[in-house]
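The values are calculated or read from the model by the stated rules, or taken from the named source; none is laboratory data. All of these numbers come straight from a predicted model, not from anything done at the bench. When we count neighbours, we look across all protein chains shown, and the Cβ atoms used for this are built from the backbone with ideal geometry, even at glycine. For accessibility, only protein heavy atoms count, side chains too; no ligands or nucleic acids. Shrake-Rupley method; radii C 1.70, N 1.55, O 1.52, S 1.80 Å.
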Amino acid sequence: MNIISRKQYAEKVDSWLGKEVVIVIVGQRRVGKSYILKDFIQRHECEPDANIIYIDKEKLKYKFLTNGDELGVYIEERLDFTRHNYVLIDEIQDIKGWEIPIRSLRTEENTDIIITGSNSKMLSSELSTLLGGRYQEIYVQSLSYMEFLEFHKLEDSEESLLKYLNYGGLPGLKIIGIEEDEHVWEYIRSVFNTVILKDVIERHSIRNVAFLNNLIAFLADTTGKIHSATSISKYMKSQQLDVSANVVLDYTHFFSEAYLINEVKRYDIHGKKLFESNQKIYFGDVGLRNMIAGGERETDIEKVIESVVYQHLIRLGYQVYVGEMRVGEIDFVCKKVNQIKYLQVAYLIHDDETRKREFGRLADINDNYPKYVISLTPLVTSRDYDGIIHMGLREFLKNGI
């Protein structure tokens, strides 16, 4: 099988080898977690001292591994301490008591462990208890724009960017192809239905499925808008759905646990502190968001662009917040180690009024941290307006900030 190596995740996985931690691959269903393991095998199996033990619980040949004792025996029989052991287990949650042999294996010399599992069984709060805190999560996102081009063998162009903004970056679309619009949306819908059923409805025994569907549709439609559980509850009541703010909070958290959405807190730029109330919601994959929201992208292109920018900032390793100022809102405050950067996102900067609005808010921030405006304005690459960089979306997705 020809596997396209996703360099970002390959490097992250390799950087944690030999550190006596269990490497746990997490992320929304169908973003390619299993292929991260297969890519690891492809990259390391040629090493002369590599002893790779690979278990894929989705395969019938491993059906007999049902509990921790059986898993421990199976692995122990295949360990070779004259070589470097790599133990890779995909969909490990299907093995009852898997954590017992894995905790023991972690202490063995020359042994690294990499696992993936259903989001409904691999939450951080549970892993900390199961593995005694000795693990490292690696969060896998859907494809970046550059990966999208590579997977679909496309040239970098405005047309390719628009396809990415429309379809998103689920890796499985490589097999489906993006030539038939109907096939694309059928696949994206099937992924969404699986996430909702397995990681939300079944895990949390959801009975009010009608409200759940209404809530996820509302979040898709209002992507990038600040709201609270109370305001959503009031809106739902206006639609004859009587649900409390606590239920809204719970269901939103369930979506977040499944990596379907990201909840983004507000950051007080003047006071340098986080607000606890109200937030923005962005979807983990813009194609999923578009499928749920329906309609044509021309009517909500700013939401789509903002979503893609947010996801790429996370991909670049930033902690991202919504900026709050006395004079207005800044789309994103990005923090990494001792760095802070400010971003505004716009569709087009086509007149002085728009330019004043987008650049003016950044100019009102009284510090010397870098400031950017990202837009789809034609022919923009990277220009400096009084210290504020105007960057085209394609350049941002290719080169970052």
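I'd like the residue in the stretch 2-13 that is in contact (Cβ under 8 Å) with a residue 12 or more places away in the chain and in a helix (DSSP H, G or I) and, out of all such residues, is most open to solvent (accessible area, probe 1.4 Å).
LYS12
So which of TYR251, TYR282 ends up being among the hydroxyl-bearing types (Ser, Thr, Tyr), closer than 27 Å to ILE25 by Cα and in contact with an Asp or Glu (Cβ under 8 Å, 6 or more places away or on another chain)?
Values: TYR251 fails: in contact with an Asp or Glu (Cβ under 8 Å, 6 or more places away or on another chain).
Result: TYR282 is the single residue among TYR251, TYR282 that is among the hydroxyl-bearing types (Ser, Thr, Tyr), closer than 27 Å to ILE25 by Cα and in contact with an Asp or Glu (Cβ under 8 Å, 6 or more places away or on another chain).
Which of the residues spanning the stretch 348-388 are open to solvent by 90 Å² or more (accessible area, probe 1.4 Å) and touching a His at 6+ places or on another chain (Cβ under 7 Å)? Reasoning before the result, please.
Here is the first cut: in the stretch 348-388, the ones open to solvent by 90 Å² or more (accessible area, probe 1.4 Å) are 350, 352-353, 356-357, 366, 368, 378-379, 383-384, 386.
Within the stretch 348-388, just ARG383 meets the criteria.
With the checklist (1) within 22 Å of SER128 (Cα to Cα); (2) open to solvent by 50 Å² or more (accessible area, probe 1.4 Å) in hand, flag the one item GLY97 doesn't pass.
Exception for GLY97: condition (2).
Return the residue satisfying two criteria in turn: it lies in the stretch 111-143 and is modelled with pLDDT under 95 and assigned to a loop (DSSP other than H, G, I, E, B), and of such residues it is surrounded by the fewest Cβ atoms within 10 Å (Cβ to Cβ).
The selected residue is GLY133.
Across the stretch 21-51, what is the total count of residues that are closer than 23 Å to ASN119 by Cα and either touching a residue at least 60 places away in the same chain (Cβ under 8 Å) or polar (S, T, N, Q) (or both)?
Number satisfying all stated conditions: 18.
In the stretch 278-335, which residues are surrounded by fewer than 23 Cβ atoms within 10 Å (Cβ to Cβ) and among the basic types (Lys, Arg)?
Across the stretch 278-335, the qualifying residues are ARG297, ARG315, ARG326, LYS335.
Six or more apart or on different chains, Cβ under 9 Å: which pairs go from a residue in the stretch 64-75 that's closer than 14 Å to ILE53 by Cβ to one that's part of a helix (DSSP H, G or I) and among the polar types (S, T, N, Q)? Could you list them?
Qualifying pairs under 9 Å: GLY72/SER104.
Working only within the stretch 58-90, note down all residues that are open to solvent by less than 30 Å² (accessible area, probe 1.4 Å) and part of a loop (DSSP other than H, G, I, E, B).
LEU65 - this is the single residue of the stretch 58-90 that is open to solvent by less than 30 Å² (accessible area, probe 1.4 Å) and part of a loop (DSSP other than H, G, I, E, B).
Every residue in the stretch 275-308 that is in a strand (DSSP E or B), under 17 Å from the mean Cα position of the chain (by Cα) and hydrophobic (A, V, I, L, M, F, W, C), please. Explain how you work it out, then say what you get.
Let us first name the residues in the stretch 275-308 that are in a strand (DSSP E or B), namely 275-283.
Applying the additional criterion that residues be under 17 Å from the mean Cα position of the chain (by Cα) yields 280-283.
Within the stretch 275-308, ILE281, PHE283 qualify.
Considering every residue within the stretch 46-55, establish whether at least one is polar (S, T, N, Q), assigned to a strand (DSSP E or B) and more than 30 Å from PHE192 (Cα to Cα).
Initially, the stretch 46-55 is screened for residues polar (S, T, N, Q), giving 51.
Imposing the further condition that a residue be assigned to a strand (DSSP E or B) reduces the set to 51.
Filter again for more than 30 Å from PHE192 (Cα to Cα), leaving 51.
Checking the stretch 46-55: at least one residue is polar (S, T, N, Q), assigned to a strand (DSSP E or B) and more than 30 Å from PHE192 (Cα to Cα).
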